[in-house]
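Participant: Sharing a structure here in structure tokens format.
The values are calculated or read from the model by the stated rules, or taken from the named source; none is laboratory data. Bear in mind that the values here come from a model prediction, so they are computed numbers and not experimental data. Please note: Cβ atoms are built from the backbone with ideal geometry, for glycine as well, and neighbour counts cover all protein chains shown.
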């Protein structure tokens, strides 16, 4: 009798996930995707109001979630999270943009973007991996990067620098942590309708530029990212590490 292969499981039952930037936008979508698949999700953000609203909505829908207010730039507090919780999955969706012509970039804007988009991402990854190694457990670390980690963009020199740096960081970490069965990857969205991109869409010429570059002819929705994150968090992606999943509607195809 022919033995058929069994499809991999997308279930996250029994897993604990940490999602940063979880109070709105892509981060909120990631938290919902993981909780819907059975994980207990620790939802992290700086502000309390929207974060608590998200967790209440999730628990009302039968999902397992809790809120943790945290400034991700506070590395001491960040390290303590992994001393207080046993975490299997990390999704880092916290990020910011300070768009301006490169000749007008201020040191303050540069430091803010690099501090959150790269510095905190680096140490979040390192703290998570160290805890997983100490526990002798496999795990999945996922960073919400950007298509701008693979191309350039108008007025986006600092943002692109931070995301290109993130992509290189992930490749190197995957080499180090692969023997411990700790996977690390990025999801690279195109422009998604979130509070972060609202300023771009308010400018008709920029909105037209975005729509012209996306080959599928539409701006992304948060729901377009949720499946990719679930895949990378689950055993369905057991052989995937050190790579980028481009959810860009074909932006980077040319």
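Participant: Which helices (runs of 4 or more DSSP H) does region 176-254 wholly contain that include 2 or more residues that are modelled with pLDDT of 95 or more and either surrounded by 14 or more Cβ atoms within 10 Å (Cβ to Cβ) or more than 18 Å from the chain's Cα centre (by Cα) (or both)?
Facilitator: 223-233
Participant: Please state which one of 151, 170 is more than 22 Å from residue 23 (Cβ to Cβ), within 20 Å of the chain's Cα centre (by Cα) and surrounded by 20 or more Cβ atoms within 10 Å (Cβ to Cβ).
Facilitator: Every option except 170 fails the conditions.
Participant: With 121, 135 as the choices, which residue is surrounded by fewer than 24 Cβ atoms within 10 Å (Cβ to Cβ) and either modelled with pLDDT of 95 or more or in contact with a strand residue (DSSP E or B) (Cβ under 7 Å, 6 or more places away or on another chain) (or both)?
Facilitator: Result: 135 is the single residue among 121, 135 that is surrounded by fewer than 24 Cβ atoms within 10 Å (Cβ to Cβ) and either modelled with pLDDT of 95 or more or in contact with a strand residue (DSSP E or B) (Cβ under 7 Å, 6 or more places away or on another chain) (or both).
Participant: For residue 114, state whether it is within 24 Å of residue 191 (Cβ to Cβ), surrounded by fewer than 19 Cβ atoms within 10 Å (Cβ to Cβ) and in contact (Cβ under 8 Å) with a residue 40 or more places away in the chain.
Facilitator: Yes.
Participant: Considering only residues that are assigned to a helix (DSSP H, G or I) and in contact (Cβ under 8 Å) with a residue 60 or more places away in the chain, which ones fall in region 75-111?
Facilitator: Scanning region 75-111 gives a single hit, 81.
Participant: Let me ask you something else. Restricting the search to region 82-93, which residues are touching a helix residue (DSSP H, G or I) at 6+ places or on another chain (Cβ under 6 Å) and more than 16 Å from residue 66 (Cβ to Cβ)?
Facilitator: Hits for region 82-93 are 92, 93.
Participant: Only residues that are in a strand (DSSP E or B), free of Cβ contacts under 8 Å to residues at least 40 places away in the same chain and under 17 Å from residue 140 (Cβ atoms): list them for region 9-43, please.
Facilitator: 40, 41
Participant: Looking at this structure, is residue 108 modelled with pLDDT of 95 or more and touching a strand residue (DSSP E or B) at 6+ places or on another chain (Cβ under 8 Å)?
Facilitator: Taking the combined requirement at face value, the residue does not satisfy it.
Participant: Do we find a residue being surrounded by 16 or more Cβ atoms within 10 Å (Cβ to Cβ) and either under 22 Å from residue 223 (Cα atoms) or under 17 Å from the mean Cα position of the chain (by Cα) (or both) anywhere in region 75-84?
Facilitator: There is at least one residue in region 75-84 that is surrounded by 16 or more Cβ atoms within 10 Å (Cβ to Cβ) and either under 22 Å from residue 223 (Cα atoms) or under 17 Å from the mean Cα position of the chain (by Cα) (or both).
Participant: Taking only region 121-148 into account, find how many residues are more than 20 Å from residue 233 (Cβ to Cβ) and either touching a residue at least 12 places away in the same chain (Cβ under 8 Å) or not in a helix (DSSP H, G or I) (or both).
Facilitator: Within region 121-148, residues that are more than 20 Å from residue 233 (Cβ to Cβ) and either touching a residue at least 12 places away in the same chain (Cβ under 8 Å) or not in a helix (DSSP H, G or I) (or both) number 4.
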